[in-house]
1. Scan the range 211-240 and report the pairs whose first residue is more than 20 Å from ALA304 (Cβ to Cβ) and whose second residue is part of a helix (DSSP H, G or I) and within 16 Å of ligand 1 (Cβ to nearest atom), with Cβ atoms within less than 6 Å and a gap of 6+ or a chain change.
2. Could you please tell me which pairs satisfy a Cβ distance under 9 Å, a separation of 6+ or placement on different chains, a first residue in the range 157-168 that is over 20 Å from PHE122 (Cα atoms) and in a loop (DSSP other than H, G, I, E, B), and a second residue that is within 12 Å of ligand 2 (Cβ to nearest atom) and among the charged types (D, E, K, R)?
3. Residue check: is ILE182 more than 15 Å from ligand 2 (Cβ to nearest atom), surrounded by fewer than 18 Cβ atoms within 10 Å (Cβ to Cβ), assigned to a loop (DSSP other than H, G, I, E, B) and touching a residue at least 24 places away in the same chain (Cβ under 8 Å)?
4. What is the residue count in the range 34-62 for residues that are away from ligand 1 (no atom under 12 Å from the Cβ) and either touching a Cys at 6+ places or on another chain (Cβ under 6 Å) or of a type in the set (Val, Ile, Thr) (or both)?
5. Please specify each residue of the range 28-37 satisfying the condition of being within 11 Å of ligand 2 (Cβ to nearest atom) and either among the hydrophobic types (A, V, I, L, M, F, W, C) or surrounded by fewer than 20 Cβ atoms within 10 Å (Cβ to Cβ) (or both).
6. Cβ-Cβ under 6 Å, sequence separation 6+ or interchain: first residue in the range 125-138 and over 10 Å from SER35 (Cβ atoms), partner assigned to a helix (DSSP H, G or I) and of a type in the set (Ser, Thr, Tyr). Which pairs?
7. Specify the residue that is surrounded by the most Cβ atoms within 10 Å (Cβ to Cβ); the eligible residues are those in the range 185-212 that are under 21 Å from the mean Cα position of the chain (by Cα) and among the polar types (S, T, N, Q).
8. If VAL111 satisfies every condition in (1) out of contact with any helix residue (DSSP H, G or I) (no Cβ under 6 Å at 6 or more places or on another chain); (2) of a type in the set (A, V, I, L, M, F, W, C); (3) closer than 30 Å to LEU263 by Cα but one, which is the exception?
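Values in this text are rule-based calculations from the coordinates and carry no lab data. Everything numeric in this text was worked out from a predicted model, so none of it was measured. For neighbour counting, all protein chains shown are included, and Cβ atoms are generated from backbone atoms with ideal geometry for every residue, glycine included.
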Amino acid sequence: MNKIPVILDGDPGHDDAIAWVFAKADPRLDIRMVSSVAGNQTIEKTTYNMRRICTLLGIDAPQVRGAVRPVTADPVTAGNWHGESGLDGPAMPEPAYPLEEIPAVDLMAKVISESEEPVIIFPTGPLTNVAELLMIHPEVKEKIGRISLMGGGVTHGNWKPAAEFNIMEDPEAAWTVFHSGIPITMCGLDVTEKAIMQPDDFPRIRGVGNQAAEIVAGWLEFFYRYPMQIGYTGAPVHDPCAVLAVTHPEIFTMKDYYVDIELGGEYTRGATVADFKGGLGKEPNTTVVLDIDREKYIDLLIEALHAYDGWEVAI
Ligand code: RIB
Ligand code: CA
């Protein structure tokens with residue numbers, strides 16, 4: 001069976017890191033490259049974290065530094081969630097793989113144009129890199145099979161009342177992506193705030209008994225602190241939903257809607273607005289993921305972590 005070529009693009013970030021644990025563990029996916037983007041932390045920190053995570057997991061695909069800042073908005077970081085480093089918690093290995101010296105969008109375009117099969121892009125941070133790819137290399141659009149992203153929310157926001165962090169960080173980039181005509185799967189807060197990993201899950205995760213499991217448990221023990229202070233029952237592990245919506249759609253509930261991005265509005269800029277009733281008369285452009293079987297989510301993490309049995313790197 002041909003593997004599915006994929007691009008990982010994120011702002012690690014604890015939940016980006018766990019999304020990449022799932023992606024690397026799935027034998028059906030062929031990770032062709034990894035790119036960082038400014039978001040949870042500055043581009044320097046998310047790039048360093050990207051490289052350390054790839055080393056930890058043995059992701060030896062080309063890695064590249066992405067956009068330094070959003071297209072128009074001033075960058076905002078999320079140190080309260082992810083710490084000063086962007087990946088606070090357990091010790092991590094130093095990068096073992098080189099950083100490519102070409103612009104992220106050029107590497108993306110090269111990977112996509114050289115691929116035999118349509119490529120799936122898994123953005124789990126602001127959509128700056130993906131938008132820049134579509135603007136600078138429109139010729140590759142036809143070879144992007146799907147963009148399965150974490151971002152938005154058709155019922156509420158988090159960073160702002162109506163806007164979720166990834167979309168809010170770069171609404172113009174999100175607008176470009178949602179208007180691209182490329183099939184989009186949107187894992188917004190509607191589903192990702194149900195993708196909760198709770199303290200009761202941590203011993204079972206650590207009990208997998210390998211280095212990756214120990215570090216994932218350590219990430220969660222850091223990452224759940226802040227959400228617990230603001231009323232969550234555990235850590236909303238948002239980003240893996242973007243990968244699992246493609247690899248394990250059976251654990252989700254999804255519905256197709258026309259979704260657009262609000263660029264104006266004092267209180268609504270960055271909102272992902274779904275046309276539930278079809279009143280705009282536009283064809284659906286987005287598969288909106290609305291619910292998840294949380295128990296199966298945890299089971300899939302345990303299964304993914306066992307893929308790292310016998311794998312260990314020096315820290
Ligand atoms: O709003 C949640 C999103 O913002 C996640 O992708 C998290 O990593 C942060 O980037
Ligand atoms: Ca992220």
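1. TYR226/ASN80; TYR226/TRP81
2. GLY157/GLU164; ASN158/GLU164; TRP159/GLU169
3. Values: more than 15 Å from ligand 2 (Cβ to nearest atom): yes; surrounded by fewer than 18 Cβ atoms within 10 Å (Cβ to Cβ): no; assigned to a loop (DSSP other than H, G, I, E, B): yes; touching a residue at least 24 places away in the same chain (Cβ under 8 Å): yes.
Considered against the rule, which asks whether it is more than 15 Å from ligand 2 (Cβ to nearest atom), surrounded by fewer than 18 Cβ atoms within 10 Å (Cβ to Cβ), assigned to a loop (DSSP other than H, G, I, E, B) and touching a residue at least 24 places away in the same chain (Cβ under 8 Å), ILE182 comes out as no.
4. Counting residues in the range 34-62 that are away from ligand 1 (no atom under 12 Å from the Cβ) and either touching a Cys at 6+ places or on another chain (Cβ under 6 Å) or of a type in the set (Val, Ile, Thr) (or both) gives 7.
5. The initial filter retains those residues of the range 28-37 that are within 11 Å of ligand 2 (Cβ to nearest atom), namely 36-37.
Result: VAL37, single match.
6. Between residues of the range 125-138 that are over 10 Å from SER35 (Cβ atoms) and residues that are assigned to a helix (DSSP H, G or I) and of a type in the set (Ser, Thr, Tyr), the close pairs are ALA131/THR176; LEU134/THR176.
7. Filtering the range 185-212 for residues under 21 Å from the mean Cα position of the chain (by Cα) gives 185-198, 205, 212.
Then drop every residue that is not among the polar types (S, T, N, Q), which leaves 185, 192, 198.
Working: THR185: 23, THR192: 25, GLN198: 15.
Result: THR192.
8. (3)
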